[in-house]
Each structure stands twice: as C-alpha cells, then as structure tokens.
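Quick notes on the structure that follows.
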Amino acid sequence: MKKTLTQKIIESHLVSGTYLPGEEIGIRIDQTLTQDATGTMAYLQFEALNVSRVKTELSVSYVDHNTIQIGYENADDHRYLQSIAEKYGLYFSRPGNGICHQVHLERFGKPGKTLIGSDSHTPTGGALGMIAIGAGGLDVALALAGKPFYLNCPKVIKIHLLGHLQPWVSAKDIILKVLDLFGTKGNVGYVFEYAGPGVESLTVPERATITNMGAECGVTTSIFPSDEMTRRFLKSQRREEDWIEIHADLDANYDKVVEIDLSQLVPLTAKPSSPGNIAPIRECEPVIIGQVCLGSCTNSSYKDLARVAKILKDKVVHPDVSFIISPGSKQVLENLTRDGYLAELLASGARLMENACGFCIGNSQSPQSKSVSLRTSNRNFPGRSGTLDAEVFLASPEAAAAAVITGRLTDPRDLGMPYPEVFIPEKFYIDDRMIITPKNAEAASEVSIYRGPNIGPPPVNDPLPDRINGVVTLKVGDNITTDHIIPAGKRMKYRSNIPKYSEYLFEILDNTFHDRAMKIRESGSHNIIVAGLSYGQGSSREHAAICPMYVGVKAIIAKSFERIHAANLINFGILPLTFINEEYYELFVQGDRLMLPDIYLRLQEGSPLIVKNMTRNMSTELACQLSGRQTKIILAGGVLNKC
C-alpha cells in the first residue's frame with residue numbers, strides 16, 4: 001500500500017497498536033524538548049518516576065519563556081532546570097540562547113525522527129520532516145523515562161501547494177489561509193501533510209512558520225517532506241550528516257486533499273481575538289496601530305528579520321508606533337549583526353528585546369490600554385498580550401514593516417517600493433557555547449538538585465470516586481483557551497507552586513472561581529465545569545489541568561475538547577466528558593447540583609455515563625472516550641498514582 005509521510009514515520013516508531021486511524025497507539029520518542037514555563041513541573045514529575053538517566057536519543061531543556069526576573073522565582077527555576085539537566089543527561093539551552101523551537105530547528109532536529117515537547121508549538125519541527133507533537137509535561141516526563149507516547153492514530157490531510165508566492169506575500173499568509181480554510185476547531189485527530197510543487201520553493205524557516213502555526217488549527221501536527229531544501233538548511237547549520245530524504249509515496253492515500261495555489265494568495269491578517277478570524281488586509285477597515293512586535297517562534301528567523309531591515313532601511317518608525325523586535329535565537333541575532341541588518345533595524349527605531357518568547361506570552365511589552373498591537377506571533381487570544389482591553393492583529397513580517405512605516409494596518413504591496421530579496425547564508429556563523437552538553441553518568445551522580453522556595457512537589461490526586469456529587473462551579477462557552485483557564489504572563493512565575501498558581505484559575509472570566517471552588521472542595525463536595533465547543537484550545541500548559549485538579553475539579557462536561565488538554569485532564573485524573581446530545585448544554589446552569597453514579601462500572605463497560613441534574617430534575621447521557629489504558633489512569637486518579 002502507498003504510504004503517507006506521516007504513516008512511514010509513525011509505523012517505524014510503533015511500540016503498541018497498529019496504524020489504524022482513530023485507534024490508540026504508542027510510539028517511541030527519539031527527542032524531547034521542554035521550556036521553562038512548563039518544563040519545571042515536567043522535571044518534578046520525572047523525578048517522581050525514580051529514573052536515574054534520560055532514555056531518549058536526545059533531550060533539551062530550554063529557558064525562553066520566563067526570562068523576565070522580577071523577584072526570585074524565575075531565576076530559581078532556571079537554576080533548578082540547569083541542575084536537573086546536569087544530573088539526568090539533558091542538553092541545557094541557557095537563558096538568552098533563544099526560543100526552543102527556533103534553536104531546536106537550527107541545532108538538533110533531524111528528519112524522520114519523533115519529537116514531543118511540553119509546548120504546543122513543538123510541531124515546528126515538522127519543517128524538517130519530523131513527527132513533532134506538543135504534549136503535556138507529564139507525557140514528556142514519561143518519554144524521558146523511556147515510556148511510549150500514546151495518542152490516537154491520526155488521519156492525514158494532504159495540503160497540496162501549487163505555484164509560487166508573489167512579492168509581498170509570505171509563508172505567514174500560507175498558514176493564515178490554512179486557518180481560513182480549516183478554522184481553529186474541529187480538526188482534532190488530523191495531521192496536515194504538505195506536498196506538491198509549491199513546497200520546493202519554501203525554505204525550512206518558511207516551512208517552520210507554517211508547521212508552527214498549524215497548532216492553532218488543533219491538529220496533532222504538521223509535516224513537510226525532507227528534500228533538497230532541507231539538506232541545504234542542515235548544511236547551512238553544518239549538520240548535513242543529519243539529513244535523509246523522506247517523503248510520501250506517489251499516489252499515497254489521504255483522508256482529504258486540499259489544494260492551495262500560492263500565486264493566488266494575498267497578504268492576510270488574523271483579526272482580534274482569534275487566529276482563525278482571517279481577512280485580506282485590503283478588506284479591513286482602517287486600523288490605527290500603536291505597537292508592532294516582530295519575532296516569536298513563528299516569525300523570528302534570519303530571513304524574516306533581514307527582510308524587515310531591508311524594508312525599513314533609511315526609514316524611521318512612525319511617531320505613534322512602538323516597534324519591538326525579538327530574534328528567535330542567539331544565532332539569528334549574531335548573524336543579523338555580522339551582516340549589518342541589526343544596525344538597520346536599530347537605526348529605524350526598533351527596540352531590541354531578548355531572544356525569548358517575551359511579548360508573545362504577555363510577560364513583557366504589553367501594549368497601551370485600548371490600543372491595537374500588530375504581531376507576527378501565533379496567538380491573539382483576549383488578554384494574552386498582557387493588556388485586557390487591547391486588540392491584537394496577527395500578520396506577516398512584511399505587513400509588520402508596513403505598519404511600522406505607516407502607523408496603520410497596511411497591505412505591504414501598497415508601500416510603493418520594490419520587494420527586497422533576502423538570501424539565506426550558505427553557512428551561518430554558529431556558536432553553541434550557550435548550550436551546556438550533558439555530563440557523563442559518573443560526573444552527574446555528584447550533582448545536587450537546586451530547589452528554591454517557590455518549587456514544590458507535584459500534587460497528587462485522590463482516586464476517582466465511584467459517584468461524583470458536585471456543583472457546576474463554572475459554566476463557560478465555546479473556544480475556551482488554556483489562557484482563559486490559567487493565565488500566562490506575569491502569573492507564570494508561580495508555575496512550580498501549584499497552591500499559589502491555582503489562585504488565578506479563570507481570573508479572566510470569573511475571578512471568584514478559586515475561592516468558590518475551594519469552599520466546595522472543603523465541604524466534601526466536587527467541582528464540575530460545563531463548557532462548549534473546543535474546550536482547552538491553545539497552550540500545552542498542563543497547569544490548566546493540574547490547578548483545577550488541585551481545587552477539586554473531578555469532571556469537565558463539554559461539547560468537545562482539544563487534544564492536548566483532554567490528554568492532560570486524563571493524566572491528572574479529571575474526567576473529560578462530552579454531551580451526547582449537545583442541546584442539554586443549554587439546560588445546565590452555574591450552581592446546579594449534579595450527580596454521576598456508577599462511574600466504575602460504566603467506564604469499565606465502555607458505556608455512557610449518566611449525569612443527573614438534581615436542581616433541574618433531569619438527566620442525560622455523557623460520552624467518555626477512553627482507551628483501556630486511560631481508564632486505568634482515570635480510576636487511579638492520574639498517572640503519578642498509577643506509576
């Protein structure tokens with residue numbers, strides 16, 4: 001049978017199950033990555049597994065999210081992460097070396113390998129022909145211990161690219177078009193596999209923009225073939241020996257095929273407040289821009305920033321615009337400096353930030369109140385910028401440069417200037433001294449783990465009760481993101497202190513939730529959340545499951561869940577339940593008392609659960625789609641209880 005690229009890599013890594021879409025499979029993981037916002041908890045969980053050394057081919061701990069050090073918490077966590085890497089055999093990318101996805105692409109990713117990371121944008125690695133998947137930190141900890149990574153075998157959608165991009169249209173516009181076609185929900189269980197003659201002209205950094213932001217569609221991952229363009233990129237990184245050619249068979253069978261003619265694309269934007277709210281820039285109403293942020297893991301490559309430098313040469317930032325640049329890595333910054341592009345950017349009035357996530361997660365460079373920020377990052381959820389009443393548009397680096405010049409949302413084709421060509425160096429200047437290589441096992445045995453006062457052990461859940469008697473502590477609508485559940489930004493410094501971090505649960509939606517939930521838990525009752533479609537969009541942040549578990553949430557009843565969040569809920573012993581009849585969603589009201597009886601029997605039989613609304617005197621069936629493995633985890637109260 002002719003095979004897709006996805007099938008080839010997954011089948012070569014199968015540990016359990018068979019390649020049958022929809023069925024649970026376990027795959028061997030070659031590489032892992034973590035970042036500091038989620039990695040600290042991942043390594044606390046890894047320690048709880050009592051394994052003496054990581055068992056992957058390669059694992060890297062990055063510090064790129066919480067690099068702003070106001071108070072001791074972030075610095076303490078960074079030292080903890082470094083000591084963990086030294087003791088257990090991980091590479092450690094120090095603060096300032098760059099964003100995990102950019103650095104991993106440059107220095108570690110390999111075609112044909114599997115990668116999971118405790119960051120939802122780990123699919124960036126698909127630009128190199130990897131199966132690269134975002135996951136919760138506990139799943140990464142298990143992979144570090146040599147355990148398989150479990151997922152539902154995905155269906156594959158082929159995105160067949162034709163033609164060539166026109167001047168002023170970029171890879172960002174390709175993925176915005178994909179988001180326009182597929183939206184941000186309803187794509188769980190799929191992989192986007194890119195193919196066709198249009199692929200050949202796209203560089204690896206351009207492919208990375210596309211695979212990175214495919215996460216906003218909710219797919220398992222996105223992947224490009226490893227071809228001559230891949231070889232050239234790895235050669236530029238002095239890693240040509242890591243290259244292999246790998247692609248789908250001709251006439252491989254796909255679940256769906258979608259064609260995109262690159263020559264027909266125009267500059268697009270994602271309007272507030274969703275990456276799926278797509279429109280051509282020329283069709284938008286006039287929008288005054290107060291801030292432009294260039295960078296993040298989506299668009300912070302050498303080529304992205306060099307092109308903006310060429311557009312802004314001999315120009316000055318509009319007087320009403322604050323222009324922020326954040327290179328993706330130390331390598332990008334050094335090469336921009338050596339080639340003169342950084343000087344051009346600084347001369348234009350750009351403000352140089354760290355090689356870190358920074359503005360993208362709202363822990364720095366928040367825009368002014370009631371203003372508009374245009375960003376090249378991947379998410380524009382409400383409040384994510386750090387300013388609740390600001391609006392964020394997403395667009396390409398070219399559109400960002402146009403807004404810097406004009407002070408408004410501008411189609412870059414309307415600048416009236418020639419499109420500047422930028423060529424990637426045949427060989428980058430490379431300096432890996434900010435990456436600490438693993439100690440050998442003998443030296444590692446002498447390392448002591450550093451633990452600051454903000455670092456606590458991962459909380460452990462109680463076994464799932466056979467009967468849940470609870471209260472609808474919160475009812476929410478569609479498209480609830482992990483940022484809605486537990487915020488990023490300034491709150492993330494408490495990610496290692498679950499009791500403290502839990503105080504901010506749902507603060508964007510209802511800042512009384514935590515106190516109400518704790519009172520219900522202390523009364524001996526259970527907390528239940530009712531939600532709409534696509535609950536748990538966005539980050540892989542497992543704290544969006546750990547913190548609800550800590551305050552006594554036993555079940556979430558939703559119309560649908562996003563993949564990573566559902567897996568995290570299971571890992572921490574929270575039932576992810578879906579309405580069989582979605583009309584019943586309307587009949588549940590915050591404050592209703594609910595009872596779910598006979599849970600053990602129904603889970604073991606694989607039959608629907610029953611929820612009785614004691615307040616409304618009604619009942620309905622709920623689906624709980626668990627594998628046998630997941631059922632054991634849920635009954636135990638989570639993975640750490642079961643291990």
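Remarks
- Normalised by the number of residues in the stretch 272-415, the mean separation of alpha-carbon contacts (under 8 Å, six or more apart) gives a relative contact order of 34 percent.
- Between 0 and 90°, nearest 10: helix 73-88 axis offset from the chain longest Cα axis: 90
- Helix-only [θ]222 nm of the chain, DSSP H runs n ≥ 4, -39500 (n - 2.57) each, per residue, nearest 500: -8000 deg cm²/dmol
- If the segment from Tyr429 to Tyr72 were pulled out straight at 0.36 nm per residue, it would be longer than the present Cα-Cα gap by 125.1 nm.
- By the rule of a C-alpha distance below 14 Å, with chain neighbours fewer than 8 residues away ignored, the aspartates and glutamates paired with Lys439 are Glu86.
- Pairs from Lys271/Lys475; Lys87/Lys235; Lys559/Lys632; Lys3/Lys256; Lys155/Lys185 whose Cα-Cα separation, in the structure shown, is over 21 Å: Lys271/Lys475; Lys87/Lys235; Lys559/Lys632
- Relative contact order (%) - the stretch 1-136, alpha-carbon pairs under 8 angstrom, separation at least six: 24
- Computed from the Kirkwood radius of its Cα pairs, the Stokes-Einstein diffusion coefficient for the chain at 37 °C and 0.692 mPa s stands at 132 µm²/s.
- Quarter of the Cα convex hull surface for the stretch 272-415, i.e. its orientation-mean projected area (nm²): 7.5
- 0 to 90° range, to nearest 10: angle between helix 171-182 axis and the chain longest Cα axis: 40
Any read-out appearing in this document is the output of simple, stated calculations on the displayed coordinates, not a laboratory observation. Nothing here was measured: the structure is a model prediction, and the numbers come from that model.
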